[in-house]
Amino acid sequence: QVQLVETGGGLVQAGGSLRLSCAASGRTFSNYAMGWFRQAPGKEREFVAAISRSAGITDYADSVKGRFTVSRDNPNNAVHLQMNSLKPSDTAVYYCAVAQRGMSRRSYNYEYWGQGTQVTVSS
């Protein structure tokens, strides 16, 4: 089992920044790829970013590329999502998740999920 807790969400004006963090406990964190997803009201959950076990490879949705940066701190069992130049369309609940078999853009490839943190971007 892996437990994930996201923090760092909040209300920010368009153009602002937020840094989300995901703290993991349980099994060896460095064994797993990690992903960030988001879900806006009335919409399906969508891929945001992913990072490999060693942090050597990252992947981003086109909608956030160049604005968001995913990173991880394996010794401290944490993964982060730095979000800059935020837009109202970024408003959603953001989730971190564990992928035991490697990086993926598909939510069904992630076995463990956090409870989510709300990000609201005002215009």
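Distances between placed amide hydrogens fall under 5 Å for Leu86 paired with Gly15, Gly16, all partners being 5 or more residues away or on another chain.
Could you quote the convex hull projected area for the chain, Cα atoms only and averaged over all directions, in nm²?
Values: hull surface 26.8 nm².
Mean projected area of the Cα convex hull: 6.7 nm².
Each residue of the range 69-81 is assigned a 3J(HN,Hα), and the resulting list reads 9, 9, 8, 9, 10, 4, x, 9, 6, 9, 10, 10, 9 Hz, derived from the Karplus form 6.51 cos²θ - 1.76 cosθ + 1.60 (θ = phi - 60°), x at Gly and Pro. On the chain, 46 percent of the accessible area sits on carbon and sulfur atoms, based on a 1.4 Å probe. For the range 85-123 versus the range 1-73, the inter-centroid distance based on Cα atoms is 6 Å. Around the amide H of Tyr112, modelled in the peptide plane, lie the amide H atoms of Val98, all under 5 Å away and 5 or more residues distant in sequence or on another chain. With the simple model of a label 7 Å out from the Cα in the direction of the Cβ, Gln1 to Thr120 spans 3.2 nm.
For the range 1-122, with every protein chain kept in place, what is the accessible area per residue (1.4 Å probe, Å²)? Before the final figure, lay out the partial values.
On the way: 6030 Å² over 122 residues.
Per residue, the range 1-122 has an accessible area of 49 Å².
Given +1 at the Cβ of Lys and Arg, -1 at the Cβ of Asp and Glu and no other charges, the dipole of the chain around its Cα centre is 140 debye to the nearest 20. Look at the dipole of the range 65-123 built from charges on Cβ: of Val93, Gln82, Gly66, the Cα furthest out on the positive end belongs to Gly66.
Taking loop as defined by DSSP and a crowding limit of 14 other beta carbons within 10 Å, which chymotrypsin sites (Phe, Trp or Tyr not before Pro) in the range 91-123 fit? Intermediate values should be presented prior to the final figure.
Details: sites: Tyr94, Tyr95, Tyr108, Tyr110, Tyr112, Trp113; in loops: Tyr110.
Qualifying residues, ordered by number: none.
Top to bottom by accessible area (1.4 Å), largest first, where do Lys87, Lys43, Lys65 land?
On the way: Lys87 95, Lys43 135, Lys65 115 Å².
These residues rank, largest area first, as Lys43, Lys65, Lys87.
Which net charge results for the neighbourhood of Ser71, defined as the other residues with beta-carbon distances under 14 angstrom from its beta-carbon, given Lys and Arg at +1 and Asp and Glu at -1?
On the way: positive: Arg19, Arg53, Arg72; negative: Asp59, Asp73.
Neighbourhood net charge equals +1.
Label-to-label distance for Ser54 and Ser89 is 3.5 nm, based on points extended 7 Å past Cα in the beta-carbon direction. The residues neighbouring Gln100, those whose beta-carbon lies less than 11 Å from its own, together hold a net charge of +2 under the Lys/Arg +1, Asp/Glu -1 convention.
The values are calculated or read from the model by the stated rules, or taken from the named source; none is laboratory data. Predicted, not measured: the structure shown is a model, and the values here were computed from it. Methodologically, a virtual Cβ is constructed for each residue, glycine included, from the backbone with ideal geometry; neighbour enumeration extends over all protein chains shown. We work out accessible area using only protein heavy atoms, side chains counted, and drop any ligands, DNA or RNA first. Shrake-Rupley method; radii C 1.70, N 1.55, O 1.52, S 1.80 Å.
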